[in-house]
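Read the structure below first, then the notes.
Values quoted throughout were computed directly from the atomic coordinates according to the rules given, and no laboratory measurement underlies them. In this text, all values refer to a predicted model and were calculated from it rather than measured experimentally. Methodologically, a virtual Cβ is constructed for each residue, glycine included, from the backbone with ideal geometry; neighbour enumeration extends over all protein chains shown.
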Amino acid sequence: MADEAPSIVLLGQPLDPVIEWHLSTSERAAEAIWNLCILVGAVLVVIVSAQVFTRYLLGFVPLWGGELARYLGIWLALMLMGALVRVDRHLQVEIVFRRFSRRARRYIRSIQLGLIVVLGWLLVEWGLVYALRSGTGQMSPSLGIEMFWVYLVLPFSGLLLMYFASAKLIEINYDPETLDRDYQARFRFDEDLEGGDSVAETDVSVPAETDAGTEDETDAGRFGETGDGPEPTDRQEGHTSGSQESSDGE
């Protein structure tokens, strides 16, 4: 955390170690889910590629392949939803948002994350009801598994969304500089973020004055030792001597 992060005390006990432990744990959890989703995505690519191979080369398509790919795609998208909130990697339009001050951005972002927590709670509540009512006793046509396990991704992803959004909400209020670090991590370049400005500055050093001696030496090196002008080349010398001989002959 940043050095200026405030110290939070509850009942005479500092909460900083607890908060930092919670934030680091949520970061590791988001990374673990990200790695798991990479594995699921690889399996999904293999299944879809096998479907294409068998369709056009072998003349048949396994019925379970399309169904399994569909379910894996649903689980992949919904699990990544919360993990991307934690690392702030969702698609965002920030043209206007970046113009606000850091305090205003923190307030706006806190409201967003609060609404995301509410959305996660709705997913948990209604997703569990839907999984119990519609999934229990219903079997998938090709895989033969109970649809409850497929629909269980709704409350599970809601829990992840609540957990990661609440962790992000704590982080941006505990350490407001997180807003700027997240922005820099997304776009990978340094900016002047003071006051919400997003204009990149380049350090270009311009000398205040030019040394006369140095300038003379530069001119001497460019035009020859005397500095009177450029030295004549061999072709120019030949042309000059030829002109003089022509004048003498006349």
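Scanning region 70-116 for residues that are assigned to a helix (DSSP H, G or I), among the charged types (D, E, K, R) and within 16 Å of the chain's Cα centre (by Cα) yields R86, R98.
Here region 141-161 is the region considered, the condition is being assigned to a loop (DSSP other than H, G, I, E, B), touching a helix residue (DSSP H, G or I) at 6+ places or on another chain (Cβ under 6 Å) and touching a residue at least 40 places away in the same chain (Cβ under 8 Å), and the residue that is surrounded by the most Cβ atoms within 10 Å (Cβ to Cβ) is L143.
Among the candidates L115, L128, L154, L169, which residue alone is under 21 Å from G73 (Cβ atoms) and not aromatic (F, W, Y)?
Numbers: L115 fails: under 21 Å from G73 (Cβ atoms); L128 fails: under 21 Å from G73 (Cβ atoms); L169 fails: under 21 Å from G73 (Cβ atoms).
Matching residue, one of L115, L128, L154, L169: L154.
Once region 55-69 is narrowed to residues that are touching a helix residue (DSSP H, G or I) at 6+ places or on another chain (Cβ under 8 Å) and in a helix (DSSP H, G or I), the residue that is nearest to M147 (Cα to Cα) is L68.
Within region 35-56, the residues that satisfy the criterion of being over 14 Å from A77 (Cα atoms) and small (G, A, S) are S49, A50. Among the residues of region 34-54, the one identified as aliphatic (A, V, I, L, M) and either outside any helix (DSSP H, G or I) or within 17 Å of the chain's Cα centre (by Cα) (or both) is I38.
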